[in-house]
1. Take the residues in the range 273-284 that are open to solvent by 10 Å² or more (accessible area, probe 1.4 Å) and hydrophobic (A, V, I, L, M, F, W, C), then tell me which one is modelled with the lowest pLDDT.
2. In the range 311-321, which residues are out of contact with any helix residue (DSSP H, G or I) (no Cβ under 8 Å at 6 or more places or on another chain) and either assigned to a loop (DSSP other than H, G, I, E, B) or surrounded by 21 or more Cβ atoms within 10 Å (Cβ to Cβ) (or both)?
3. What single numbered condition from (1) modelled with pLDDT of 90 or more; (2) open to solvent by 20 Å² or more (accessible area, probe 1.4 Å) fails to hold for N89?
4. For the range 76-86, how many residues are over 20 Å from the mean Cα position of the chain (by Cα) and open to solvent by 50 Å² or more (accessible area, probe 1.4 Å)?
5. State whether one or more residues within the range 300-315 are without any contact (Cβ under 8 Å) to a residue 60 or more places away in the chain, among the hydrophobic types (A, V, I, L, M, F, W, C) and on the phi < 0 side of the Ramachandran plot.
6. From (1) under 23 Å from the mean Cα position of the chain (by Cα); (2) surrounded by fewer than 22 Cβ atoms within 10 Å (Cβ to Cβ); (3) under 30 Å from D185 (Cα atoms), pick out the condition that doesn't hold for N124.
7. Which of the helices (runs of 4 or more DSSP H) contained wholly in the range 183-289 include at least 3 residues that are under 24 Å from V145 (Cα atoms) and without any contact (Cβ under 8 Å) to a residue 12 or more places away in the chain?
8. Can you confirm whether L223 is aliphatic (A, V, I, L, M) and under 22 Å from V65 (Cβ atoms)?
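The values are calculated or read from the model by the stated rules, or taken from the named source; none is laboratory data. What you see is a predicted model, and the numbers here were worked out from it, not measured in a lab. Cβ atoms come from the backbone with ideal geometry, glycine included; neighbour counts cover every protein chain shown. For the accessible areas, the whole protein counts, side chains as well, though only heavy atoms, and no ligand, DNA or RNA atoms are used. Shrake-Rupley method; radii C 1.70, N 1.55, O 1.52, S 1.80 Å.
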Amino acid sequence: MKLFKTIVSFLCVTSLLVACGSSDDDYNDSAEIPNCLGFEEATLKLTIQDTYETLPGKVSVFFKVNDTEGNAVPNLQASNFNIFEQGTNDDCPRAISPSESNGRISPNTQIFNTNTLLVLDLSNSVLSASLEELKAASVSFIDEVMPEVADEQYKMAIYWFDGEEQLHELNPLTTNREELKMAVDGITTDISNDPSTNLYGAVVNSTKIATDILNENEGNDVLAASSIVIFTDGTDQAARVDEGTALSTVENANDNISFFTIGLGDEIDEDVLQRIGKTASAFASNKDELEDTFEEISDNVAGQAKSYYLFEYCSPKRSGVNDLIIQAVQGQNQGAIRTKFDATGFTGGCK
């Protein structure tokens with residue numbers, strides 16, 4: 001059960017002023033948009049996380065918006081969304097007026113948080129040639145992604161790898177960006193005992209950590225997303241984990257985990273790093289470009305958190321299970337998705 005369903009259920013029991021419903025969470029389809037709506041080919045992708053209903057007539061949908069290349073689409077407003085409903089008497093979904101339905105983007109801080117794992121290659125080649133530049137770039141990354149005032153919705157942890165089997169924790173998950181920057185500042189050239197590079201092991205281990213974070217949040221009735229950002233200046237040398245295992249781990253990971261890679265120098269395998277960084281990758285040809293490259297990725301990571309939306313509106317439907325189509329429009333780009341909601345008991349008076 002999701003957190004907002006728990007909150008609404010609590011209000012139902014304690015005040016008897018709110019009634020709750022449950023949508024069919026398994027019905028979440030962007031391919032089955034009726035042709036009668038005349039939508040162009042989708043260039044935006046919507047992914048519904050959850051839908052719930054609150055009497056007297058409010059429908060709430062929590063979802064994510066990306067472009068077709070997987071990039072986040074942040075900072076959309078209620079005016080960027082069109083709502084269509086289809087009941088048993090409708091041949092084609094009917095558009096719902098934004099003004100009459102009181103459609104709005106609502107704060108999602110109580111039901112959602114985002115977690116970033118910054119994973120740094122501290123093998124001998126980095127420690128001996130580009131450590132200070134990496135530290136400066138990491139501090140800039142932290143400043144860009146983490147809010148200045150601690151916010152429970154935004155957390156980050158820092159890990160590092162060398163040739164050893166395990167992923168080393170530099171700083172645990174925290175809301176405190178000054179704590180994170182102090183941890184980075186404390187990295188010294190003698191931190192590692194193994195000069196090799198266990199890149200593929202870092203991919204597998206960081207994915208497990210990100211998955212555990214999502215599972216823990218789910219167990220606490222909180223929706224969450226994780227971003228893994230891996231920096232390296234080379235290829236896997238330790239051969240503790242094979243390439244295929246690392247790539248399949250990324251491909252089969254939870255959809256709410258985003259993967260980013262940052263490569264430095266001419267000894268990296270850009271093709272492999274792009275496949276690991278399936279959300280986005282960036283490359284610096286030399287250490288002087290490293291901070292700008294980290295900034296390129298930090299913009300995308302920060303945008304991921306802002307691409308999750310809680311859209312709420314007052315439905316004119318008064319009974320039954322109905323189809324709901326949400327269309328996102330941004331300039332010339334558009335995309336839509338279909339789900340369902342239950343209007344049993346709906347009446348007027350929704351605000």
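1. A280
2. First, pick out the residues of the range 311-321 that are out of contact with any helix residue (DSSP H, G or I) (no Cβ under 8 Å at 6 or more places or on another chain): 312, 317-321.
The answer is K317, R318, S319, G320.
3. Only one criterion in (1) modelled with pLDDT of 90 or more; (2) open to solvent by 20 Å² or more (accessible area, probe 1.4 Å) is unmet by N89, namely (1).
4. Adding up the residues that qualify gives 2.
5. Looking for residues that are without any contact (Cβ under 8 Å) to a residue 60 or more places away in the chain, among the hydrophobic types (A, V, I, L, M, F, W, C) and on the phi < 0 side of the Ramachandran plot, one finds none in the range 300-315, hence no.
6. (1)
7. Output list reads 199-219.
8. Answer is yes for this residue.
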